[in-house]
1. Listing ILE95, ILE104, ILE182 from the residue with the fewest other Cβ atoms within 10 Å to the one with the most, what is the order?
2. At 0.692 mPa s and 37 °C, plugging the Kirkwood radius over alpha-carbon pairs of the range 58-102 into Stokes-Einstein gives what diffusion coefficient in µm²/s?
3. At what distance in nm do the modelled label points of ASN129 and THR52 sit from each other, each positioned 7 Å from its Cα along Cα→Cβ?
4. So for the range 1-120: antiparallel DSSP bridges make up what percent, rounded to the nearest 5?
5. Shape call for the range 1-75 from the C-alpha gyration tensor, a ≥ b ≥ c root eigenvalues: rounded (a/c under 1.5), prolate (a/b greater than b/c) or oblate?
6. Mind grabbing the base-10 log of I(q)/I(0) for the chain at q = 0.12, 0.15, 0.19 Å⁻¹? Debye formula, identical points on the C-alpha positions, no solvent, two decimal places.
7. Show me, for the range 37-53, the HN-Hα J-couplings you get by feeding each phi into the Karplus relation (A = 6.51, B = -1.76, C = 1.60, θ = phi - 60°), rounded to Hz, glycine and proline as x.
8. Hey, what did the chain get for relative contact order, percent, Cα under 8 Å, at least 6 apart?
Amino acid sequence: MASGGTLKIGDASGLAGNITVSGTKTYNANATYEFNGSAPQVTSASLPGTITGTFKVNNSSGVTLSQSTTATTVDITSGNLDLGSNNLTLTNLSISSPSATKMIIANGGGELRKVFTAPDLFTFPVGDNSGTVEYSPVTLLVNSGTFSSAYVGVKVSNASHPAKGSGGLFLNRYWSLNASGITSPNYDVDFQLSGC
């Protein structure tokens, strides 16, 4: 796979089931990897851990990330990307009209991580697939701070917060945010709950 090339992967087993070669498979980090099957897919451990090109989801049946991955650009054209227990770290995200059928599922152990090099605004298009599939985005405005290999990670839980106490009224939803590499940060955060 050459730099700048595009590989469209249709097999349910991702790169592990899509390509058969004798010898060594070499996948260039600066390429486009498009998952465009018609049945649910996994990326497989053959996907490069760092993609300086584009990681693209174009499968209405969904794609599951098989390992933690860092990508310069993630493009979700169709379907959900399920992180499972893996982290997805990105610099740029392209996703028009995110919804319960086009989002990043971050309700396992893995986080959606956005790289920050300066103050910026970013909407994490996250949700869950526990029971009813729900889109629950988080919009984060990083107003200020000092940045060094910085990111903010988000995941969502379809449960009441463990610290809610014994009160009778509560949301059956909470979000976890994790920041790294930002000194003296100042944030504004907006959480959106489906149906509210």
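Rule-based calculations on the coordinates, nothing more; no lab input. No experiment lies behind these values; they were computed from the predicted model shown. Every residue, glycine as well, gets a Cβ built from its backbone with ideal geometry; the counts of neighbours run over all protein chains shown.
1. Ascending number of Cβ neighbours within 10 Å: ILE95, ILE182, ILE104.
2. On the way: Rh = 10.9 Å.
In µm²/s, the coefficient is 301.
3. 3.2
4. So the antiparallel bridges in the range 1-120 amount to around 5 percent.
5. Values: a/c = 1.56, a/b = 1.12, b/c = 1.39.
The shape class here is oblate.
6. Per q value, in the given order, log10 I(q)/I(0) is -0.61, -0.91, -1.31.
7. x, 10, 10, x, 10, 10, 6, 6, 6, 6, 5, x, x, 10, 10, 8, x
8. Contact order relative to length: 13 percent.
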